[in-house]
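Novice: Have a look at this one before I ask anything.
The values are calculated or read from the model by the stated rules, or taken from the named source; none is laboratory data. This structure is a prediction, so every number in the text was calculated from the model and none was measured. Positions of Cβ are generated from backbone atoms using ideal geometry, with glycine treated the same way; all protein chains shown enter the neighbour counts. The accessibility values were calculated without ligands, DNA or RNA, using every heavy atom of the protein model including side chains. Shrake-Rupley method; radii C 1.70, N 1.55, O 1.52, S 1.80 Å.
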Amino acid sequence: MSAVEVEIENSGDIERLIQTLPPEMFERDLQVLMNGAVRVAERARELVPVRTGHLMASIRADLGDAEDSSEAFPPVTVIADTPYASFVEFGTSSMEPEPFMQPAVEEIEPEVMEEIDSILAELGLVPGVEEP
């Protein structure tokens, strides 16, 4: 099966920082990431070219399970899992690409990062960012 998958990953430094947050701040950051994945999936469904609607219907946010993960955050993934999703996103030798996932990520990511920075600014962990 050929699928397009977008993961929001955290580098080791970010994971260590997040693990030191008070639990309520950690939960807020996790909720921002989960909401961001849902927004990316929604935007990708708006951008995807539609012929039958099957590809559009396959786009979803998978919010993972914290208890099954050794990571600081449970895996937060946006998936399009039709067999031809990657062909549409990246194109083929006989078909031009019609990206829908990458543009959705590029559009939503700055909003998510701004929300994370705002939470971290409340703790004084992000210099130069004003509290809302």
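Novice: From Ile79, Ile59, which residue is within 14 Å of Arg39 (Cβ to Cβ), at pLDDT 85 or above and open to solvent by less than 70 Å² (accessible area, probe 1.4 Å)?
Specialist: Values: Ile79 fails: within 14 Å of Arg39 (Cβ to Cβ).
So the residue among Ile79, Ile59 that is within 14 Å of Arg39 (Cβ to Cβ), at pLDDT 85 or above and open to solvent by less than 70 Å² (accessible area, probe 1.4 Å) is Ile59.
Novice: While we're here: Please go through the stretch 87-108 and give me each residue that is in a loop (DSSP other than H, G, I, E, B) and more than 13 Å from Arg45 (Cα to Cα), ordered by number. So that I can check it myself, show each step before the final result.
Specialist: Restricting attention to the stretch 87-108, the residues satisfying the condition of being in a loop (DSSP other than H, G, I, E, B) are 91, 93-94, 96-100.
The answer is Gly91, Ser93, Ser94, Glu96, Pro97.
Novice: Just name the residue that is modelled with the lowest pLDDT out of those in the stretch 86-129 that are small (Gly, Ala, Ser) and either in contact with a Pro (Cβ under 6 Å, 6 or more places away or on another chain) or surrounded by 12 or more Cβ atoms within 10 Å (Cβ to Cβ) (or both).
Specialist: Start the filter on the stretch 86-129 by keeping residues that are small (Gly, Ala, Ser), which leaves 86, 91, 93-94, 104, 118, 121, 124, 128.
Filter once more, so that each one left must be either in contact with a Pro (Cβ under 6 Å, 6 or more places away or on another chain) or surrounded by 12 or more Cβ atoms within 10 Å (Cβ to Cβ) (or both): 86, 91, 104, 118, 121.
Values: Ser86: 93, Gly91: 95, Ala104: 95, Ser118: 85, Ala121: 80.
Residue satisfying both the conditions and the ranking: Ala121.
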